[in-house]
Amino acid sequence: MDWKEIPSLASLRAFEALARHGSLSAAARELNVTHAAVSQHLRQLEADFAEPLALREGQGMALTEAGHELAAALGEGFAMIAEGVARMRARREQRPVVVALTPSFAESWLMPRMGGFWAAHPEVEVRLVPGIALSDLRRDGIDLAIRFGGGTWPGVEAEMLTANRFAVVAAPGYTKARSLEDLGKLTAHDWFFSTGASEQRLWGAVVGVDFQTVGAREMASNGMVVSAVRAGLGLSIQALALIEPDLQSGQLIALHEGDAAGLGYYIVTRPEPLSPGAQIFRRWLRRAAG
């Protein structure tokens, strides 16, 4: 298609509206432009085609034979465009909401709560994509991500979901100590981390443990780490948001709780409108986080 051979779309839109309404003023109101602007578009088209397309008739405008022919073609063409746009919007609204997040957050925080979402919104399909690597939301087709950090990632919008308080945890039978002071020398204990959980190493500095020196046993997932600690094999540093159920049930005890300087879990989205399903899921996340 050679766009140089086609009059401006603004002129064609103005004429199509004029043809439907039979009035310059009504066409101008629909397009939110002035009466003079619609008249100017009409004159430009008539100059381009070298023949009149509409003539004044009383209070309105009557189409000439050429005007009727152009109006029919434009009506059909714009209807096809509208239909294609509607199909694309419906496709966006109906496709699953794709959510990227860390495996530990999925296992410990999100999945215990997802039953509530499914019960409240059975019409919204959510596809979870757990992973350690930082997703490119646009390239990977991600609607929404839940990331850990300070909320300053370029090219995206970040909203705090849950502030990042953390705890040093152990099984109740691991030690009689109920605080770090009671526990004694931190370097004398086995520590467990999940692969890629950089936040756990940051918290180590807060409680006075240099894990570059002490070392720790790494597990493939945070679920495995928590299982090892529940079994009484050692200590771990965990986000309170991820281990609340274990603390409430008594499977784990907190020997220390702390705050890590603005770090937390954030809802991350592209700087553009979310699909209806993604908006519903984001609102639910906010409520679930309290």
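Out of segment 247-262, which residues are surrounded by fewer than 20 Cβ atoms within 10 Å (Cβ to Cβ) and in contact (Cβ under 8 Å) with a residue 60 or more places away in the chain?
Of everything in segment 247-262, those that are surrounded by fewer than 20 Cβ atoms within 10 Å (Cβ to Cβ) and in contact (Cβ under 8 Å) with a residue 60 or more places away in the chain turn out to be Leu247, Gly250, Gln251, Ile253, Ala254, His256, Glu257, Gly258, Asp259, Ala260, Gly262.
Filter segment 238-251 down to residues that are under 33 Å from the mean Cα position of the chain (by Cα) and not in a helix (DSSP H, G or I) and give me whichever is farthest from Pro172 (Cα to Cα).
If we take residues in segment 238-251 being under 33 Å from the mean Cα position of the chain (by Cα) and not in a helix (DSSP H, G or I), then Ala239 is farthest from Pro172 (Cα to Cα).
Would a scan of segment 222-237 turn up a residue that is in a loop (DSSP other than H, G, I, E, B), of a type in the set (Ser, Thr, Tyr) and exposed (fewer than 15 other Cβ atoms within 10 Å of the Cβ)? No, segment 222-237 contains no residue that is in a loop (DSSP other than H, G, I, E, B), of a type in the set (Ser, Thr, Tyr) and exposed (fewer than 15 other Cβ atoms within 10 Å of the Cβ).
What is the residue count in segment 188-209 for residues that are of a type outside the set (Gly, Ala, Ser) and either touching a helix residue (DSSP H, G or I) at 6+ places or on another chain (Cβ under 7 Å) or part of a strand (DSSP E or B) (or both)?
Selection size over segment 188-209: 6.
Being within 15 Å of Arg20 (Cα to Cα) and over 44 Å from the mean Cα position of the chain (by Cα) is a property that does not hold for Ala50. Looking at segment 6-108, the strands (runs of 3 or more DSSP E) lying wholly inside it that each contain 2 or more residues that are touching a residue at least 12 places away in the same chain (Cβ under 8 Å) and touching a Phe, Trp or Tyr at 6+ places or on another chain (Cβ under 9 Å) sit at 97-101.
Yes/no per residue for (1) more than 20 Å from Leu263 (Cβ to Cβ); (2) of a type in the set (Phe, Trp, Tyr); (3) surrounded by fewer than 20 Cβ atoms within 10 Å (Cβ to Cβ); (4) modelled with pLDDT under 75:
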residue: Val168; (1), (2), (3), (4): no, no, no, no
residue: Ala171; (1), (2), (3), (4): yes, no, yes, no
residue: Thr187; (1), (2), (3), (4): yes, no, yes, yes
residue: Asp190; (1), (2), (3), (4): yes, no, yes, no
residue: Gln200; (1), (2), (3), (4): no, no, no, yes
residue: Gly204; (1), (2), (3), (4): no, no, no, no
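From the list Ala167, Ala163, Ala145, the one residue that fits, being touching a His at 6+ places or on another chain (Cβ under 9 Å), in the same structural domain as Leu186 (by TED's automatic domain parsing) and part of a strand (DSSP E or B), is Ala167. Among the residues of segment 1-39, those identified as within 16 Å of Leu63 (Cα to Cα) and either among the polar types (S, T, N, Q) or not assigned by TED's automatic domain parsing to the domain that holds Ala72 (or both) are Ser11, Ser23, Ser25, Ser39. Selection of segment 109-134 for residues being in contact with a helix residue (DSSP H, G or I) (Cβ under 7 Å, 6 or more places away or on another chain) and without any contact (Cβ under 8 Å) to a residue 60 or more places away in the chain yields Leu128, Pro130. Looking across segment 109-134, just one residue is assigned to a loop (DSSP other than H, G, I, E, B) and crowded, with 18+ Cβ neighbours inside 10 Å, and that is Val124.
Of all the residues in segment 47-88, those that are of a type in the set (S, T, N, Q) and at pLDDT 85 or above number 1. Can you work out which of the residues in segment 135-158 that are without any contact (Cβ under 8 Å) to a residue 40 or more places away in the chain and more than 26 Å from Trp203 (Cα to Cα) is surrounded by the fewest Cβ atoms within 10 Å (Cβ to Cβ)? For segment 135-158, the residue satisfying everything is Arg139.
The values are calculated or read from the model by the stated rules, or taken from the named source; none is laboratory data. Not measured: the values here are computed from a predicted model. A quick note on method: Cβ atoms are made from the backbone with ideal geometry, for glycine too, and the neighbour counts reach across all protein chains shown.
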